[in-house]
Amino acid sequence: MIWDWDYAWEILPRLGEAAVVTIQATIGGYFLALIGGLVLALMRRSPIRALAWPAAGLVEFVRSTPLLVQLFFLFFGLPELGIRLSPFETGVVGLGLHFSTYTSEVYRAGIDGVPRGQWEAAKALNFSTYRRYRAVVLPQAIPPIVPVLGNYLLTMFKDSTLLSAIAVRELLQAAKIMGSDNFQYMEPLTIIGAFFIVMSVVSATGISWLERKLKPRRSA
């Protein structure tokens, strides 16, 4: 098969627009995963069973089912309950919910890694639970887990291709449509592969920079 440079340059702007959708969906889902994961981790550590048990059940359930099934449920099931989201919004929520269950375990590992003496010192100073976590526990728990949290960002970029199943015009969906129009798939699929490599390299570089920036705090 001969590579058609004219066709490649022609479709590049449209694939660039689809790349923006992919980035927006991934960053939006990642933000939800970071916040949701922390909430789930704190709920699971709560001595109140009415909070801990539902959180544990949700984490185990979501982690035990495929992301694609969850996207279909959100896209086709929520309207039956009167909740209507656009395909893009559904994709962001689906990615965020799915990966929040994984980041919650990462947060739990980081929190469990804080020395017991730090907890006892905060308790001796009569810190409230909120202040204990904000001022003592989380500043020590988060820096060591930044690389793992960053790995989930890279994973989310790759898993964002599943959003094409619910009609989100992200990179893979755009490439399939362009390929089917002219029966030329090599150019669009190769270009989106290059896009994903660039996004992954940029993300990994940013994560490494953040890890280096937080390293002095971790060693202090």
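The values are calculated or read from the model by the stated rules, or taken from the named source; none is laboratory data. Bear in mind that the values here come from a model prediction, so they are computed numbers and not experimental data. Neighbour counts are summed over all protein chains in view; Cβ atoms, including those assigned to glycine, are modelled from backbone coordinates with ideal geometry.
For the reader, a short list of remarks on this structure follows.
- Top-ranked residue in the range 145-160 [being surrounded by fewer than 18 Cβ atoms within 10 Å (Cβ to Cβ) and not aliphatic (A, V, I, L, M); ranked as farthest from Ala19 (Cα to Cα)]: Pro147
- Filter result for Leu67 (of a type outside the set (Lys, Arg) and within 18 Å of the chain's Cα centre (by Cα)): yes
- Residue count for the range 191-205, restricted to those that are crowded, with 16+ Cβ neighbours inside 10 Å and more than 17 Å from the chain's Cα centre (by Cα): 3
- Cβ-Cβ distances below 8 Å connect the following pairs, each with a first residue in the range 194-205 that is small (Gly, Ala, Ser), a second residue that is surrounded by 15 or more Cβ atoms within 10 Å (Cβ to Cβ), and a separation of six or more residues or different chains: Ser200/Leu154; Ser200/Phe157; Ser203/Gly150; Ser203/Leu153; Ser203/Leu154; Ser203/Phe157; Ala204/Gly150; Ala204/Leu154.
- Selection status of Ser208, over 16 Å from the mean Cα position of the chain (by Cα), more than 26 Å from Pro66 (Cβ to Cβ) and in a helix (DSSP H, G or I): yes
- Pairs are defined by a Cβ separation below 8 Å, a sequence spacing of at least 6 or placement on different chains, a first member in the range 32-43 that is at pLDDT 95 or above and among the polar types (S, T, N, Q), and a second member that is crowded, with 23+ Cβ neighbours inside 10 Å and not in a helix (DSSP H, G or I); no pair meets this definition.
- Scanning the range 1-15 for residues that are assigned to a helix (DSSP H, G or I) and touching a residue at least 12 places away in the same chain (Cβ under 8 Å) yields Tyr7, Ala8, Ile11, Leu12, Arg14, Leu15.
- Number of the exception - Leu138 against (1) closer than 30 Å to Tyr7 by Cβ; (2) surrounded by 17 or more Cβ atoms within 10 Å (Cβ to Cβ); (3) of a type outside the set (Lys, Arg); (4) out of contact with any Pro (no Cβ under 6 Å at 6 or more places or on another chain): (1)
- Filtered residues of the range 167-190 (kept if buried (at least 20 other Cβ atoms within 10 Å of the Cβ), among the hydrophobic types (A, V, I, L, M, F, W, C) and in a helix (DSSP H, G or I)): Leu171, Leu172, Ala174, Ala175, Met178
- Scan of the range 76-106 for residues that are part of a helix (DSSP H, G or I), hydrophobic (A, V, I, L, M, F, W, C) and surrounded by 14 or more Cβ atoms within 10 Å (Cβ to Cβ), ordered by number: Leu78, Phe88, Val92, Val93, Leu95, Leu97, Phe99, Val106
- Scanning the range 167-185 for residues that are farther than 18 Å from Glu17 by Cα and in contact (Cβ under 8 Å) with a residue 60 or more places away in the chain yields a total of 2.
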